[in-house]
Amino acid sequence: MTDTGRSGRRVLTAPATQDGALLAVEDFRTHFDTPGGMVRAVDGVTFTLDRGKTLGVVGESGSGKTVLARSIMGLLTGHNVVRSGSATYNGQELVGAKNDQMRALWGTEMAMVFQDPMTSLNPVMKVGRQITEGLRYHLDIPKDEANEQALQLLTSVGIPDPKRRLGQYPHELSGGMRQRVTIAIALACGPKLLFADEPTTALDVTVQAQILNLLNDQQRERHMAMILVTHDLGVVAGRTDQIAVMYAGQIVETAPTRTLFANVRMPYTEALLKSIPKLEDPSHTRLQIIGGRPPDLINPPAGCRFAPRCPYAQAKCHSEQPPLVEAETPGHLYRCWFPVGTAAGKEALERNLAHHVPAAEAAVTGDTAAAARVETGGLVVADVGGEA
Amino acid sequence: MAGTGTAHLRDTDDVLLRIEDLVVEFKTSAGTVHAVSGISLDVREGETLGLVGESGCGKSTTGRAIMQLPPPTAGRVLFEGSDLAALNGQQLREVRTRLQFIFQDPISSLNPRRKLKDIVAEPLRIWKRGTDAEQSARVAEVLEAVGLDPEVAADKRPHQFSGGQCQRISIARSLVLEPKVIICDEPVSALDVSVQAQILNLLEEMKARYQLTLIFIAHDLAVVKNISDRVAVMYLGKICEVGSPDDLYATPAHPYTAALLRSIPVPDPTIPPVQSGLLIGDLPSPIDPPAGCRFRTRCPLAQERCALEEPEIRQVSADHFVACHFPLLGAETPEATPVEVGTAAP
């Protein structure tokens, strides 16, 4: 179907076939040209996302997960942003697309929910107007009708007393309410793809559960695809079809959610899972540690980017970058020479432990002194004992 | 939530710090904010007390009130036999050498213009502990203890360190005067999970090495369980439940604790996310908190009695105390029937 935008421009809304991916990203790169050098924030990411499915993108600070989402959506417009590779939405190439072309997609085709609801809402505009703005601009709906729709949207995202809320300013709402409003704004024009960038990180845990359930319900009702960006493996575990784990600008492991948790291959994913305190573990359970810190993205390590911190790393890992290879389970890809759960991986870890490699000791014993010795790359205090 | 009462306080000789009926209120133009309303807690020597709750529950305010930053509106903070609220400035400064604080944001809690060795040595200089050489030796010792090489690190400034390293520096600074108690206010919330594990393990190591007593304030229940010997759950300025972590997490007796635990997303895709039994609505205003039990406006088990009468903390098992009229004991509570939530006026 087509809708007519305000300027008489035809706004394309999903004519394409139902089969095939909604979003196909291939060898996608986003670099920032800075005085210090080229920061390779996203460096060769490939994935596809089907209609109505959810992809969880997991990683720590600086892994490139947020840049990936914003760059695909065309929100990084600085002169120093260098994008390459390909990202096609419904067959339309997004890399190199003009702002005008993107504007036709924003709101009606793709939308984003940001982390901090206070800064993503306009503090001096009433909530109602912020919701109707998109409806009136993109869909050219008359004011009364837009107000009516805004009311329905607020009701559907679970805001009590929505009529009164429409006339309020963001500061009059709680954090959870504000995030519900940003979700209502994102959903207003019926996007087919929703980017949710850490949508619950700024919220308390009880509110987080409400918001995640709301996103899931809305997604199911609208048959909308979602990319859920988060640092919390717990958030993605029960709510995604596929997970991509990012490290230093690359996807290091991706698999259907259940497969990933059941058959971890990439040492980084394993390390992330084991360093989280778990509710079911008894008090004072010793946590495993990933020593060191993520690499400098201007000069990433020559081999595997995780190698300097990896408990399994061998000489090969430091010199040769592992490609994304397929595991035996379908749809499961990982980037490792000595994968977890294989004989090669087990042997590598044992060899490292025998040689007292700090990263391996930190991971197995949780020893903080060993972890401190792993500090690598970047700026400071590396190589206390000179083991590296 | 309630929570007046002192049933959970212990009478043993090794209680190092004890707060009684602590009240902290802030006067604002909109009215008085009841941040902490009459809570009592104690910490034994060598114990880690975890204070957990959502934003606005008063956990950080409690930690700061112990340090008299600012002094509480009412109540007593007993440390080494004296009431800190009654001390004058000079006496208080002296006590604070044995009562240290670690803040949430490791980078903003370090002076960016000073070198690491000066940051860590400052407490020693202020208190004129030892000669210059002795001070340097002590600084080197604590830096090494937290896993930083003093040779390399001493002359650097905070911006040259990562967030995790800055938190190590904060820990080193808090250790340098050989304190007895360290209050850690969300020390890992600003850190990535891999770094969080390092800091949690480090705190455990430091606690053993220097015989520390810790008060660990955090919103993350799993983190608090991992590090604590005793956990107190707070809601809207009150304590709702106190107990040993394994017991409290396995069989939460307070409906709020139970709801909190249910809300946590589990990193296991075979367990479907919880859809029911979640809290709805928002935290009531601390300016006009609900009468009776403060949790009743969101509690699925609330009855008329909860609005009329504030529940007192009482014992439910060996080291497990709860402030609730209808605690969850083992299975579901028998007599309490859920009422329409949100109808009860504050």
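The values are calculated or read from the model by the stated rules, or taken from the named source; none is laboratory data. Note that the structure is predicted; figures quoted are calculated from it, not measured. When we count neighbours, we look across all protein chains shown, and the Cβ atoms used for this are built from the backbone with ideal geometry, even at glycine.
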Study note, to complete from the structure: Within the stretch B:1-52, the count of residues that are outside any strand (DSSP E or B), over 28 Å from residue B:327 (Cα atoms) and within 18 Å of the chain's Cα centre (by Cα) comes to 2
Review point. Do we find a residue being within 14 Å of chain B (Cβ to nearest Cβ), surrounded by fewer than 24 Cβ atoms within 10 Å (Cβ to Cβ) and either more than 24 Å from residue A:306 (Cα to Cα) or not aliphatic (A, V, I, L, M) (or both) anywhere in the stretch A:182-192?
Key: no
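Which one of these is in contact with a Leu (Cβ under 7 Å, 6 or more places away or on another chain), in the same structural domain as residue A:205 (by TED's automatic domain parsing), within 23 Å of residue A:216 (Cβ to Cβ) and small (Gly, Ala, Ser): A:175, A:190?
Testing whether each residue is in contact with a Leu (Cβ under 7 Å, 6 or more places away or on another chain), in the same structural domain as residue A:205 (by TED's automatic domain parsing), within 23 Å of residue A:216 (Cβ to Cβ) and small (Gly, Ala, Ser) leaves just A:175.
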Review point. (1) free of Cβ contacts under 8 Å to residues at least 24 places away in the same chain; (2) in a loop (DSSP other than H, G, I, E, B): which one isn't true of residue A:258, the others all being true?
Key: (2)
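Would it be correct to say that residue A:86 is at pLDDT 95 or above, surrounded by fewer than 17 Cβ atoms within 10 Å (Cβ to Cβ), of a type in the set (Ser, Thr, Tyr) and within 20 Å of residue A:110 (Cβ to Cβ)?
Working: at pLDDT 95 or above: yes; surrounded by fewer than 17 Cβ atoms within 10 Å (Cβ to Cβ): yes; of a type in the set (Ser, Thr, Tyr): yes; within 20 Å of residue A:110 (Cβ to Cβ): yes.
In short, yes.
Could you identify the single residue in A:164, A:103 that is within 25 Å of the chain's Cα centre (by Cα), assigned to a helix (DSSP H, G or I) and among the charged types (D, E, K, R)? Break it down into steps so the answer makes sense when it comes.
Working: A:164 fails: within 25 Å of the chain's Cα centre (by Cα).
Exactly one residue qualifies, and that residue is A:103.
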Point to revise | Matching residues, the stretch B:119-142, being part of a helix (DSSP H, G or I), farther than 17 Å from residue B:171 by Cβ and either touching a residue at least 40 places away in the same chain (Cβ under 8 Å) or not basic (Lys, Arg) (or both) | key: B:126, B:132, B:133, B:134, B:135, B:136, B:137
Point to revise | Filter result for residue A:220 (touching a helix residue (DSSP H, G or I) at 6+ places or on another chain (Cβ under 7 Å) and in a helix (DSSP H, G or I)) | key: no
Point to revise | Hey, residue A:290 at the interface with another protein chain (Cβ under 9 Å from one of its Cβ atoms) and touching a residue at least 12 places away in the same chain (Cβ under 8 Å) or not | key: yes
Exercise for review: For residue B:99, state whether it is touching a Pro at 6+ places or on another chain (Cβ under 7 Å) and within 23 Å of residue B:61 (Cβ to Cβ).
Suggested key: yes
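Take residue B:205 and tell me if it is of a type in the set (D, E, K, R) and at pLDDT 95 or above.
Working: of a type in the set (D, E, K, R): yes; at pLDDT 95 or above: no.
No.
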Practice item. Report, ordered by the first and then the second residue, all pairs with beta carbons closer than 9 Å, sequence separation of six or more or different chains, a first member in the stretch A:264-285 that is more than 16 Å from residue B:220 (Cβ to Cβ) and more than 7 Å from chain B (Cβ to nearest Cβ), and a second member that is surrounded by fewer than 17 Cβ atoms within 10 Å (Cβ to Cβ) and of a type in the set (Ser, Thr, Tyr). Key: A:265/A:342
Check your understanding: Which one is surrounded by the fewest Cβ atoms within 10 Å (Cβ to Cβ) among residues in the stretch A:159-181 that are small (Gly, Ala, Ser) and within 14 Å of another protein chain (Cβ to nearest Cβ)?
Key -> A:174
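Do we have any residue at all in the stretch B:210-233 that's over 16 Å from the mean Cα position of the chain (by Cα) and at the interface with chain A (Cβ under 7 Å from one of its Cβ atoms)?
Going through the stretch B:210-233, the residues over 16 Å from the mean Cα position of the chain (by Cα) turn out to be B:210-211.
Keeping just the survivors that are at the interface with chain A (Cβ under 7 Å from one of its Cβ atoms) gives none.
No - not one qualifying residue is present in the stretch B:210-233.
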Point to revise | Any chance residue B:85 is surrounded by 17 or more Cβ atoms within 10 Å (Cβ to Cβ), under 13 Å from the mean Cα position of the chain (by Cα) and in a helix (DSSP H, G or I) | key: no
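Table: residues versus (1) surrounded by 22 or more Cβ atoms within 10 Å (Cβ to Cβ); (2) out of contact with any Asp or Glu (no Cβ under 8 Å at 6 or more places or on another chain).
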residue	(1), (2)
A:21	no, no
A:29	no, no
A:33	no, yes
A:41	yes, yes
A:45	yes, no
A:54	yes, no
A:62	no, yes
Practice item. Of the numbered conditions (1) assigned to a loop (DSSP other than H, G, I, E, B); (2) within 17 Å of the chain's Cα centre (by Cα); (3) within 30 Å of residue A:128 (Cα to Cα), residue A:212 fails exactly one; give the number of that condition. Key: (1)
Check your understanding: Take the residues of the stretch B:19-59 that are touching a helix residue (DSSP H, G or I) at 6+ places or on another chain (Cβ under 9 Å) and polar (S, T, N, Q): which is surrounded by the fewest Cβ atoms within 10 Å (Cβ to Cβ)?
Key -> B:55
Check your understanding: Can you pull out the residues in the stretch B:144-167 that are in a helix (DSSP H, G or I), within 25 Å of the chain's Cα centre (by Cα) and within 19 Å of residue B:204 (Cβ to Cβ)?
Key -> B:145, B:164, B:165, B:167
Point to revise | Residue count, the stretch B:279-317 (criterion: without any contact (Cβ under 8 Å) to a residue 12 or more places away in the chain and in contact with a Ser or Thr (Cβ under 9 Å, 6 or more places away or on another chain)) | key: 1
Review point. So which residues in the stretch A:133-152 are crowded, with 21+ Cβ neighbours inside 10 Å and under 14 Å from residue A:168 (Cα atoms), if there are any at all?
Key: A:150
**Study point:** Single residue of A:118, A:125 found to be surrounded by fewer than 17 Cβ atoms within 10 Å (Cβ to Cβ), modelled with pLDDT under 90 and either of a type in the set (A, V, I, L, M) or in contact with a helix residue (DSSP H, G or I) (Cβ under 6 Å, 6 or more places away or on another chain) (or both)
**Key:** A:118
Exercise for review: Give B:194, B:174, B:170 a once-over and let me know the one that is part of a helix (DSSP H, G or I), surrounded by 19 or more Cβ atoms within 10 Å (Cβ to Cβ) and at the interface with another protein chain (Cβ under 10 Å from one of its Cβ atoms).
Suggested key: B:194
Practice item. Could you check residue A:217 against (1) crowded, with 19+ Cβ neighbours inside 10 Å; (2) within 11 Å of another protein chain (Cβ to nearest Cβ); (3) without any contact (Cβ under 8 Å) to a residue 60 or more places away in the chain and say which number it fails? Key: (1)
Revision key, fill the gap. By residue number, the members of the stretch A:185-207 that are assigned to a helix (DSSP H, G or I) and touching an Asp or Glu at 6+ places or on another chain (Cβ under 9 Å) are A:185, A:205, A:206, A:207
